[in-house]
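Just below is one structure, and these are the notes that go with it.
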Amino acid sequence: MGSGAGNAKPGAKHYRGTPHEIRRCLNSVVRQSYGNLEQIVASDGTEEPAAREIVERFNDRRITYQPTKIHPGDWGNGVRQEVVSKFANGKYLVFLDDDNIIFPTYLEKC
């Protein structure tokens, strides 16, 4: 990816964890040395206002929130990854949980 071959799409899946966890995860993504990315936060089922609010507070066009409306309620990783994949426009996908953080050069070195 470091050669600019395509953009990366990290997808953070929100597990109704603490706001601190998802905020920390998103901070690690926006601090990437590889800037051609889009972060999609997918909830598990119904709309999660707390997750949407955290995404909106970042005020970064690269970060979007997407609830998994087609499969409401606790379907797990597969459904969240399906949702992220559906909305992703990039060549590469990186899946993160809301309690994950990545080093600043992670996407650049992939």
Every pair of residues 6+ apart whose Cβ atoms lie under 9 Å, when the first sits in segment 58-69 and is aliphatic (A, V, I, L, M) while the second is in a loop (DSSP other than H, G, I, E, B): I63/E38
Leading residue by the ranking (surrounded by the fewest Cβ atoms within 10 Å (Cβ to Cβ)) among those in segment 31-52 that are within 20 Å of G90 (Cβ to Cβ) and in contact with a helix residue (DSSP H, G or I) (Cβ under 7 Å, 6 or more places away or on another chain): S33
Answer residue from segment 62-110, given it is over 19 Å from V29 (Cα atoms) and of a type in the set (K, R) and is modelled with the lowest pLDDT among those: K69
Filtered residue count, segment 22-51, keeping only those that are part of a helix (DSSP H, G or I) and either hydrophobic (A, V, I, L, M, F, W, C) or modelled with pLDDT of 90 or more (or both): 11
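The values are calculated or read from the model by the stated rules, or taken from the named source; none is laboratory data. From a predicted model like this one, the values you see are computed outputs, not experimental measurements. Note: ideal-geometry Cβ built from the backbone for every residue, glycine included; neighbour counts use all protein chains shown.
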